Amino acid sequence: MTRWLDEEEQQTWRAFLWTSRLLNEALDRQLQRDSGMPHTYYVILAMLSETPERRLTMSELARIVRSSPSRLSHAVTKLERLGHVRRVPHPTDRRTTLAVLTDKGFTVLREAAPGHVAAVRRHLFDRLTREQVLQLREILRAVLPALDTAGEAADIFGPS
């Protein structure tokens, strides 16, 4: 038997859907306007910047940014044309390709980051009290494991 959402759950669910969609759209608009790149490209550059030697295998990068390999390949091709990323063969596995963040890509990311962080603050964190931020984190900590069955985001909250 289906356990339907009650009125409060339905309102919360719809508010969550609208908020997450509108937040992503707002962040994408800000990055497009201020840095000329979609949010997806920013995330790719940011994830590469956080790794040793600013490089990841294409499959690992696809996993981290939650993208299909073909969609990621298309995005990396555009980032290559801009000189922000380059693809190189893996030194020990000829079947594997690495995506490498270039110095130009790192500079573009560094220039885009302050505006992006300001938009995240303006649209989300500045609207919450510290207590609400901590509550939101705990809510996400409760929900995420059921969705992340492979444990890929296990370290997203930092050390426990």
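The values are calculated or read from the model by the stated rules, or taken from the named source; none is laboratory data. Just so it is clear, the structure is predicted and the values come from calculations on it, not from any experiment. All Cβ positions, glycine included, derive from the backbone under ideal geometry; neighbour counts span all protein chains shown.
Things worth noting here:
- Residue count for the stretch 128-160, restricted to those that are of a type outside the set (D, E, K, R), assigned to a loop (DSSP other than H, G, I, E, B) and modelled with pLDDT under 95: 10.
- Qualifying residue in the stretch 125-132 (condition: surrounded by 12 or more Cβ atoms within 10 Å (Cβ to Cβ) and in contact (Cβ under 8 Å) with a residue 24 or more places away in the chain): no
- When the stretch 10-64 is limited to residues that are surrounded by 14 or more Cβ atoms within 10 Å (Cβ to Cβ) and among the small types (Gly, Ala, Ser), the one that is farthest from Ile156 (Cα to Cα) turns out to be Ser35.
- Hits in the stretch 82-97 - residues which are closer than 19 Å to Ser49 by Cβ and more than 19 Å from the chain's Cα centre (by Cα): Leu82, Gly83, Arg86, Arg87, Val88, Thr97
- Cβ-Cβ under 9 Å pairs, at least 6 apart or on other chains, the stretch 82-104 side over 14 Å from Ala62 (Cα atoms), far side of a type in the set (Phe, Trp, Tyr) and outside any strand (DSSP E or B): Leu82/Tyr41; His84/Tyr41; His84/Phe106
- Checked against (1) touching a Phe, Trp or Tyr at 6+ places or on another chain (Cβ under 9 Å); (2) aliphatic (A, V, I, L, M); (3) assigned to a helix (DSSP H, G or I), Leu5 passes all but condition (3).
- Complete set of residues in the stretch 42-91 that are more than 26 Å from Ala26 (Cβ to Cβ) and small (Gly, Ala, Ser): Ser59, Ser70, Ser73, Gly83
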